[in-house]
Amino acid sequence: MSIDSKINRQWILKSRPTQGALSNHNFDFIQSPIPALQEGEFLVKNRMISCDPAQRVWLERDSYIPAIPLNSVVPAMTVGEIIESKHPQFKVGSRISSPLGWQDYAISNGKGPFSTLPIPTQVTDEAALSIFGMTGLTAFFGMEDIGKPQAGEVVVVSGASGATGSIAAQIAKLKGAKVIGIAGGAEKCAWLLDKAGITAAIDYKNEDVTKRLRELAPKGINVYYDNVGGPILDSVLTQLALHARIVLCGGISNYDGKSNYSIHHHMNLVTTRSKMQGFLISDYASKFQEGITALAAWLKADKIIYEVDVQEGLENAPQTLQRLFDGKNLGKQLLKI
Ligand code: NDP
């Protein structure tokens, strides 16, 4: 079949989600022809889509980027194969990681807010979008540059069995820290202990987090890597050690507007002389190769593992993104087209 006769299926944002779960009603699943390539462009066949909690925010409102325009393709990082090219640097047959969104095919010129990265042949699609993708790099730079865990310190990670948290927790372990992961459910906690090899796990859905933190970290928490915000962040604030560092990576507990929890214990930052710092992974774009090199070395030496949860079918994109908010994913949530 020639490219001209291919049909591009695309998910278009029809209306903004409000409070609660994503619904297919917010999207149109359309089919459209693929335009002809211009000089300097190339055509990509998407193979795998990254699902990221921040997409829920982009769909709904302005944040660190403007809200996604209505009637446009839902953006997402993808791995795709170049199947046609009029660009001298992007060759047919190579794979790239870039923000090409919820669609089968996309035309690119290799420019954009996130760089278009070529993927080495030995790196799988799954690895390119997880440990070597935005979540692995977010864990790396957030922990290395802001958390800075030292041997013997107590490090707490929330969202600990997810894509970012699982890597952040293992990096802290590699630094010789005592690592406490917080995750929802017995299965995720067992994975953290048995597979990721961290020190302790708290099942926040079935345990009293504040009480467990007091038991597990009687001398206080030195580093907290926060992926969730809300009541878990507040519990950690009650148990800080002197000069603690809090890495504000994300706050998924309120991305869908279901919780309006207010933080009560921020004054403990004052009394413990602690620091709390947010960051965006895009801040580190010029250093991505440094992170990839370090993560690859740990992976090769069997010092770190990564887990992926691969769902299938472009038609299932909204439900697959929703899995993050229902806690259904273990490791990186991906969608294979
Ligand atoms: P994950 O793989 O961690 O998936 C999300 C997880 O969040 C779910 O599996 C679920 O796990 C947990 N969760 C969902 N709702 C709640 C809730 N109400 N309270 C506590 N936990 C909840 O996703 P990512 O690794 O992609 O993202 C993790 C965080 O990192 C997000 O906040 C994201 O926005 C942030 N992030 C920030 C970046 C930055 O540049 N600062 C870049 C990339 C990600 P469970 O079953 O344990 O509840």
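General observations
- With the simple model of a label 7 Å out from the Cα in the direction of the Cβ, residue 62 to residue 38 spans 2.8 nm.
- Estimated FRET transfer efficiency when R0 is 41 angstrom, pair residue 301-residue 219 (beta carbons, to 0.05): 0.85
- Under the Karplus curve 6.51 cos²θ - 1.76 cosθ + 1.60, θ = phi - 60°, whole-Hz ³J(HN,Hα) for the range 32-48, x wherever Gly or Pro sits: 8, x, 9, x, 5, 6, 9, 4, x, 10, 9, 9, 10, 9, 5, 10, 8
- Estimated purely from DSSP H runs of n ≥ 4, each contributing -39500 (n - 2.57), the mean residue ellipticity at 222 nm for the chain is -6500 deg cm²/dmol once divided by its residues.
- Quotient of C-alpha Rg and 2.2 N^0.38 Å, computed over the chain: 1.02
- Once the Cα-Cα distance is subtracted from the 0.36 nm per residue extended length, the residue 148 to residue 89 segment shows a gain of 17.4 nm.
- Between 203, 234, 302, the Gaussian network model of the chain with springs among Cα atoms under 10 angstrom shows the greatest mean-square fluctuation at 302.
- Cα shape, the range 134-282, gyration tensor, a/c 1.5 rule: rounded
- Candidate lysines - alpha carbon under 17 Å from residue 275, same-chain residues fewer than 8 apart omitted: 148
- Full extension of the chain between residue 267 and residue 187 yields a length gain of 25.3 nm, computed as 0.36 nm times the residue separation minus the alpha carbon distance.
- Label-point separation in nm, residue 211 to residue 259, each point 7 Å along Cα→Cβ: 1.9 nm
- Here r is the Cβ-Cβ distance between residue 31 and residue 121 and R0 is 35 Å; the resulting FRET efficiency, rounded to 0.05, is 0.60.
- The C-alpha radius of gyration of the range 113-180, expressed as a fraction of 2.2 N^0.38 Å, stands at 1.21.
- What the Cβ-Cβ distance of residue 24 and residue 243 gives, at R0 = 56 Å and to the nearest 0.05, is a FRET efficiency of 0.70.
- Cα gyration tensor, the range 245-336 - rounded (a/c under 1.5), prolate or oblate: oblate
- Loop-located trypsin sites (Lys or Arg not before Pro) in the range 243-331 whose Cβ has at most 12 other Cβ within 10 Å (DSSP): 258, 273
- Pairs over the 31 Å Cα-Cα cut-off, from the set 219/300; 173/258; 211/332; 45/205; 6/188: 219/300; 173/258; 45/205; 6/188.
- When the solvent-accessible area of the chain is split by element, carbon and sulfur atoms take up 53 percent of it, the probe being 1.4 Å.
- Equivalent-ellipsoid semi-axes for the range 73-190 (Cα gyration tensor, √(5λ), whole Å, largest first): 35, 15, 12.
- The reciprocal of the average 1/r between distinct C-alpha atoms defines the Kirkwood hydrodynamic radius, which for the range 1-150 equals 16.8 Å.
The values are calculated or read from the model by the stated rules, or taken from the named source; none is laboratory data. Just so we're clear, the structure is a prediction, and the values are computed from it rather than from any experiment. Here the Cβ is made from the backbone with ideal geometry for all residues, glycine too, and neighbour counts use every protein chain on show. When the accessible area is computed, the model is the full protein with side chains, heavy atoms only, and any ligands, DNA or RNA have been set aside. Shrake-Rupley method; radii C 1.70, N 1.55, O 1.52, S 1.80 Å.
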